[in-house]
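Below is one structure, written out as structure tokens, with a few remarks after it.
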Amino acid sequence: MIATFVTFDLDDNFDADKVQQNALMARSKFENMPGLRSKAFTVDADKKQARNFYIWEEEAAARNFFTEENIEAVGKFYGVRPSVEYVEVATLVDNHQR
């Protein structure tokens, strides 16, 4: 598994309500997405950031999703180009039962 951190440094454009609204609007796009195990939309008011955290089944799925075109599009959606970081998931604890 691989995880991806996508960070938007919003600085003076930071609006927690807008970040929440963006997350709610975008959520359905990621439901049942092939290769995506989970995604969390986060808000950090102290740092004036939106930081989204993805867990992918395979690295190829993550890298195929984060094309330059998709990074540009999500940057337009949030109003700032994000940084994208990949990290290996050593192990995952998932307490959610369906």
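Hey, among Ala62, Ala23, Ala45, Ala50, which residue is over 22 Å from Thr91 (Cβ atoms) and in contact (Cβ under 8 Å) with a residue 40 or more places away in the chain?
Ala50
Can you work out which of the residues in the range 40-98 that are among the polar types (S, T, N, Q) and surrounded by 10 or more Cβ atoms within 10 Å (Cβ to Cβ) is farthest from Leu10 (Cα to Cα)?
We begin by selecting, within the range 40-98, every residue among the polar types (S, T, N, Q); these are 42, 49, 52, 64, 67, 70, 83, 91, 95, 97.
After this cut, where a residue has to be surrounded by 10 or more Cβ atoms within 10 Å (Cβ to Cβ) as well, the list is 42, 49, 52, 64, 67, 70, 83.
Values: Thr42: 13, Gln49: 6, Asn52: 13, Asn64: 25, Thr67: 21, Asn70: 18, Ser83: 12 Å.
Among those that are among the polar types (S, T, N, Q) and surrounded by 10 or more Cβ atoms within 10 Å (Cβ to Cβ), it is Asn64.
For a quick check of your reading: which strands (runs of 3 or more DSSP E) sit entirely within the chain and have at least 2 residues that are among the acidic types (Asp, Glu)? Step through it out loud before you land on a result.
Numbers: elements: 2-9, 36-44, 49-56, 83-88.
Correct list: 83-88.
We did not get these values from a lab; they are worked out from the coordinates using the rules stated. Here the structure is a predicted model, which means the values were calculated and not measured. Ideal geometry is used to build each Cβ from the backbone, glycine not excepted, and the neighbour counts take in all protein chains shown.
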